[in-house]
Structures are given as C-alpha cells and as structure tokens.
Amino acid sequence: MSPSSRALAERMAARVPLPGEDGVVVELGPGTGVVTRALLARGIEPDRLACLEYAPEFCALLKALFPAVHVIRGDAYRPGEDLDRWLDGRPLAAVVSSLPLMARPEEERAGALKAWLDRLPVGAPFVQFTYSPALPVRPERIDAQVETSPWVKLNIPPARVVTYRRGCPALAGIIG
C-alpha cells in the first residue's frame, strides 16, 4: 500500500481542533509521516503531538523527519505506559488514525475505537480514513456519532475521512 496522499492528509488534519492550553494530539500509525506533516502544517505544535507507531523502521524515520515530535513505539490497539507517561494527565484534543482498521475483525476494531473514544473528552474527534464504502465501525456499537467526508479522489485508492465523536447530538446520524 502506498502512503496517503497530501490531499487525504490535509482533509484529515482539517478535522483536528488546535489543542487548548494543555491538550495534545495522538496520531496512530503515522508510517512515513504524511499525516504528521499535515498536522504540523495545520498548527499543531510538535511538543503537543505524539506518534504511536508499531514498526521500528518507521519510528526511526519519524524521529529523523520530526525531531521535536514525540515518537512512541507501540501497539495502537493496546497503548501502554509510554503513552500514559507522555500524556502525564493532559487531555487529548484528538486522535488521528491511519490504522488499517478494515484488516482487523469487527470486534477488534470496535474495541480499539471504543477504548480511544473513552480516553477523549466529550466532543473531541477520533479521525480515521477508509477505502471502504462501509464504516470501519458502526457508531451505535461504540455509542458515538459519525461524520464522513466526500471521497478524496486524489488518493490512490480513493479514500474518505470518517470522524467519530461522543456527546455531539448535532452530529447524530450525519453521514455525508
């Protein structure tokens, strides 16, 4: 699979609010850093961004490309003490995910997404992209609302951005 396009990365970053005084953003599965670059261009301060990556070679690349960003080697499906230590009680402003969720069984996808939403404050987004016409997780399974973007045709293959939130009645049932 090729890296996400700049157009997709920018669409994902646009869904991320700038963190408040103490807030931080966690990026899951940053790979080669295409979305990381878009988040930084959006105005996320490097010291307020943590990249949680499983592959050691991508961790090394990310550290070289973005020395001021905190890179954590770990499993986004089971985040550990390194992430909690970095968070140090600070609230999450958003989670941005490039995880290949559709490659996992639905139960595992729902469990992971629910766990991340449990960490987010009410209204804060979990931003995910997908190549699938189906949602990675049905919102009723995780007690969330969902919003989807139009297809990003400048990505190969075309993808769309899916944003999950909790506690946003105005978004309930919005798909489009």
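Nothing in this text is a laboratory measurement; each read-out follows from the coordinates by a stated rule. Everything numeric in this text was worked out from a predicted model, so none of it was measured. Note that we place each Cβ from the backbone using ideal geometry, even for glycine, and neighbour counts take in every protein chain shown.
Dipole size of the chain about its Cα centre, with +1 on Lys/Arg Cβ and -1 on Asp/Glu Cβ: approximately 560 debye, rounded to the nearest 20.
Annotation for Arg141 and Leu154: the two label points, set 7 Å from Cα along the Cα-Cβ direction, are 3.2 nm apart. Inter-label distance, Arg6 to Ala64: 2.2 nm, where each label sits 7 Å from its Cα along the C-beta direction. Panel note: the C-alpha atoms of region 6-171, placed on their principal axes, show extents of 37, 35, 29 Å (largest first). Using only alpha carbon pairs under 8 Å that are at least six residues apart, calculate the relative contact order of the chain and give it in whole percent. Relative contact order of the chain: 22 percent.
When peptides 75-86, 9-20, 128-139 are ranked by their average number of other Cβ atoms within 10 Å per residue, the highest-first order is 9-20, 128-139, 75-86. Counted by neighbouring Cβ atoms within 10 Å, the residues Phe126, Phe58 run from fewest to most as Phe58, Phe126.
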